[in-house]
Each structure stands twice: as C-alpha cells, then as structure tokens.
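A quick write-up on the structure given underneath.
The values are calculated or read from the model by the stated rules, or taken from the named source; none is laboratory data. Everything numeric here is computed off the predicted structure, so don't read it as measured data. Here the Cβ positions follow ideal geometry from the backbone for every residue, glycine too, while neighbour counts run over all protein chains shown. All accessible areas refer to the heavy atoms of the entire protein, side chains included, with ligands and DNA or RNA removed. Shrake-Rupley method; radii C 1.70, N 1.55, O 1.52, S 1.80 Å.
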Amino acid sequence: MKKIICYLLIAYPLHRATAQFEPNYDERKVPEFEVPDPLTSFDGEKITDTSEWENTRRPELYRFFEEQVYGKVPGKLDSLFFNIVEASENALDGKAQRKQVEVSLFKNGKSLAFTILLYLPKTGKPSPIFLGYNFYGNHTITDDTNVIVSQAWAMDNTEFGITGHTLTEASRGVRTNRWAIEKIIDGGFGLATLYYGEVDPDKNDFSDGLHSLFYKEGQERPKNDEWGSIAAWAFGMSRALDYFETDPDIDSARVLSFGHSRLGKAALWAGASDTRFAGVISNDSGCGGAALSKRKFGETVGRINTSFPYWFCDNFTEYTENEEALPIDQHELLALIAPRPLYVASAEDDQWADPRGEFLSARYASPVYELYGKKGITSNQMPEVNSPVQNTVAYHIRTGKHDVTHYDWEQYIAWAEKMVK
Ligand code: GTR
C-alpha cells in the first residue's frame, strides 16, 4: 500500500505535466474566452479616433508586448557600419543586380556582423523590397555560387548536409523552394535576406549573439523585461532597414518585413517596433506570432516557453499555462502594425500554428484598421482554402504543410503590388 501511495505521489505531478502539454486540436475543446478589445484602454476608456489610438492605446499595448512578451532592447548601439563586400550587375542571368552588404554593429567595445544578400530588379528606379530572414544561411536560398557561405553557428540538419553546426557548400541552394526570387524580380520587387544565426544563434544560450554586446560588467543574460531572441532578430531587421535608407537603388519607404514561422514572429515584432516598415507578411507564424494565445489550440504559451524559453523575455513565463491572465492577445500585436498593410497566411496541415487562431487574430485586429478608413478582414467566416482575401489586412489559408511555397509568394507579390507600388 505504502508503495502504491508513493507511486501515486510521484506519478501524479508527472502525469499532470505531460497532460498539460498535450496539444489540443479539437475546436470543441477551445476554451471560452473574452477577446481583449483593442479599442478599449486598460483602464476601460473607449478609443474612438486615430489620435487616441496613437497617443493612448497603441503606446500602452506596445509597452505590454515590449516588457512582458518579447522584451526591451536595452540600449542604443555605439555605431553601425555598412560595407558592400560584393556586387554584380549581372545576376540571375542578367535579370537582376546582386549586392552583399556586411552590416557591423558596435557596442561596449564588442562587435557583431551580419551580411544582407540583395537581388534587385534592373528597373532604373529605387525598388520596393521584401526583407526576410532565412534559416540556414543566404547561400541556401539560391544556386548562385557567388553567394557567401556564412561562418556563423547553424542548427545541424543532416538532410541539408549541415553537421558540426557549420555551413558549407553542401547546403548551397537547399532552400530555393522557399524563395520565389524570379517571381519577385519579375513583379518589380527586390529581395533582401539575412541569416538569423548571424544576429542571434537559435539556441538557449545568452553568451553569444546580439544580446552579449549590451551587457554591463558581469552581466550574463538579459534582465526579466529585456529582449529574447525574437526581439534580437527584429532589431537585426531594423538595422538592415538602416542600410536600405542609404542605398539609392532601394525605396526604403517601401520595405515589407516578411518571415516564416519563428521568423514570422520576428517579422511581426519588427513591423510593430519599427514603423518605418511599410508592411508585414506573417507566413505560418503561429504561437507568439499571429495566432491567438487564449485559444490554446496547437502550440500554447506553456509549450513554447518550455521548448524555446529564450525566444521571449523572462516575464512571459508568467503566462505559461496561464493565458487567461493575459490582458492582451496576439491580434493586438497585429493591430500595432495598423494602418500599414498586413498579410497573415496559414497552411491547412499546419494545425500546430492554429490557422483559425491566425485568421481570427487578423479579423480582431481589423477594427483598428477601420479607424484609419482601411479595409481589414470583415467576415468572421474563414475563407476556403486557396481563396485569399486581400484587403489592407489580407489572409489566406493554402493547402499543404508548414512551409513557404510559390503559391504563398504569388499572393504576397500580387497584394504588395496593390499595397505599396
Ligand atoms: C516550432 C515551433 C513553432 C515554430 C516552428 C518554426 O518547433 O514550435 O513556434 O516557430 O518551430 O519556426 O519552424
């Protein structure tokens, strides 16, 4: 008997812990919850015009996401340098211009560098561009042998021939399927990409990457309200935008921040925290990105804080298995992008990212767009698969898995032509 009681005492908490993290994929088990109203302030004031939004509500929402979700940037850089390390007028069979630009960041006597790979259409005018991170290095997005292989730490991936956390020729071009470069160029847009591992390696280690530049004497990790990796990646996108402002071939007022999955979360936070971005595209960004947290469908706050605690600030752990306590939800992150164009995309087989939660988030952000006379998502009904709704707020759910496909890019290009060209 003693043995059994002992077993129960040990087993029960373990069982509870695993049960908590069992993802829910059943719409009937989605808890009932109140959607926080983006147009009512934390102290209950109704927000009725854009000036109240900009002066009262947006700042308090922004502050919440900054201090409780993604974390604050702890200071300013000492200096920033750009160096065009390679360029060609004859890229992609003569169709495009290519540039590789090293961006060096300096702070507290330390430095970090990352390289922007750019393809620009040869239109003779400053080009609008898509800016997005890649997962395995700039050389993976194209077969172009001129693209420099990064020396930064990388996640191992045997399928891509990446071992020992080192990128080599073996992985050149392995991700061309995710980047419709020719379509982007033919559409009159440029493409800029960065390798996220150069800005902050994607591992639970705060000794390296951007964070380490900002530490005070003896500090080893960010404070509770300071940045995790998503905010560091967003900061890197803004530094790329600093470069674009100096390049006459780029129209820096028409830069769209784009990202897939964890990098979609970064693209959203970049667009929210830096209003110079002309618009944002979130591809399958899921939990901590476009998807509503309070639905607890697929990946949850508890789950993401367990698997990837370093993506967010430490304060966010307050909401682990405690989404009810959140005074905000992710539609209010989307609303921070208003009135700039916003595209949220999902994939039918990507239930982990909660497509319905991503759709509803775009829908619930829309009243803020309407305040500006912009059309958001007007229906509570999700569109059919492969039937995009493209207003200033756009949404599609396509067939297939968690990925970025040519179908996705065709939608982004067509929509961006209407929105920023
Ligand atoms: C998953 C994570 C998601 C998403 C994804 C990705 O493991 O749970 O939130 O970010 O990785 O980035 O591919």
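Brief remarks on what is shown
Conditions tested, residue by residue: (1) within 29 Å of Pro309 (Cβ to Cβ); (2) of a type outside the set (A, V, I, L, M, F, W, C).
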position: Phe42; (1), (2): yes, no
position: Thr48; (1), (2): no, yes
position: Thr56; (1), (2): no, yes
position: Arg63; (1), (2): yes, yes
position: Gly71; (1), (2): yes, yes
position: Lys76; (1), (2): yes, yes
position: Leu80; (1), (2): no, no
position: Val85; (1), (2): no, no
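- Taken together, Leu268, Leu213 contain a single residue that is open to solvent by less than 10 Å² (accessible area, probe 1.4 Å), outside any strand (DSSP E or B) and within 24 Å of Gln151 (Cβ to Cβ), which is Leu213.
- Scanning the range 204-220 for residues that are basic (Lys, Arg) and touching a strand residue (DSSP E or B) at 6+ places or on another chain (Cβ under 8 Å) gives no hits.
- Count of the range 392-421 residues which are open to solvent by 30 Å² or more (accessible area, probe 1.4 Å) and either assigned to a loop (DSSP other than H, G, I, E, B) or hydroxyl-bearing (Ser, Thr, Tyr) (or both): 6
- Count - residues of the range 168-193 that are of a type in the set (S, T, N, Q) and in a helix (DSSP H, G or I): 3
- Residues of the range 269-290 classified as touching a residue at least 40 places away in the same chain (Cβ under 8 Å) and over 18 Å from Ala347 (Cα atoms), total: 9
- Failed item, numbered, when Lys296 is tested on (1) part of a helix (DSSP H, G or I); (2) surrounded by 23 or more Cβ atoms within 10 Å (Cβ to Cβ); (3) of a type in the set (Lys, Arg): (1)
- Residue within the range 251-262 that is among the aromatic types (Phe, Trp, Tyr), assigned to a helix (DSSP H, G or I) and open to solvent by less than 10 Å² (accessible area, probe 1.4 Å) present: no
- Residue check, Glu245 of a type in the set (D, E, K, R), within 16 Å of the ligand (Cβ to nearest atom) and surrounded by fewer than 24 Cβ atoms within 10 Å (Cβ to Cβ): no
- Subset of the range 119-148 [over 18 Å from Asp202 (Cβ atoms) and either β-branched (Val, Ile, Thr) or open to solvent by 30 Å² or more (accessible area, probe 1.4 Å) (or both)]: Lys122, Thr123, Gly124, Lys125, Pro126, Ile129, Thr142, Asp143, Thr145, Asn146, Val147, Ile148
- Residue tally, condition basic (Lys, Arg) and either crowded, with 18+ Cβ neighbours inside 10 Å or within 16 Å of the ligand (Cβ to nearest atom) (or both), over the range 317-376: 3
- Single residue of Ser366, Ser361, Ser387 found to be at pLDDT 95 or above and in a loop (DSSP other than H, G, I, E, B): Ser387
- For the range 72-90, the count of residues that are buried (at least 21 other Cβ atoms within 10 Å of the Cβ), in the same structural domain as Ile184 (by TED's automatic domain parsing) and modelled with pLDDT of 95 or more is zero.
- If you go through the range 248-295 and keep only what is more than 16 Å from the ligand (Cβ to nearest atom) and among the aliphatic types (A, V, I, L, M), you end up with Ile250, Ala253, Val255, Leu256, Ala272, Ala278, Val280.
- Thr193 vs. criteria open to solvent by 10 Å² or more (accessible area, probe 1.4 Å) and not basic (Lys, Arg): no
- Pairing residues of the range 114-128 that are without any contact (Cβ under 8 Å) to a residue 40 or more places away in the chain with residues that are part of a strand (DSSP E or B) and open to solvent by 10 Å² or more (accessible area, probe 1.4 Å), at Cβ distances under 7 Å and at least 6 apart in sequence or on separate chains, gives Lys122/Gln97.
- First in the range 193-215 and within 14 Å of Gly109 (Cα to Cα) and in contact (Cβ under 8 Å) with a residue 60 or more places away in the chain, second anywhere and in a loop (DSSP other than H, G, I, E, B) and not small (Gly, Ala, Ser), Cβ under 6 Å, 6 or more apart: Leu210/Asp200; Phe214/Pro74
- Residue in the range 299-316 that is farthest from Pro222 (Cα to Cα), counting only those that are open to solvent by less than 10 Å² (accessible area, probe 1.4 Å), within 15 Å of the ligand (Cβ to nearest atom) and not aliphatic (A, V, I, L, M): Gly302
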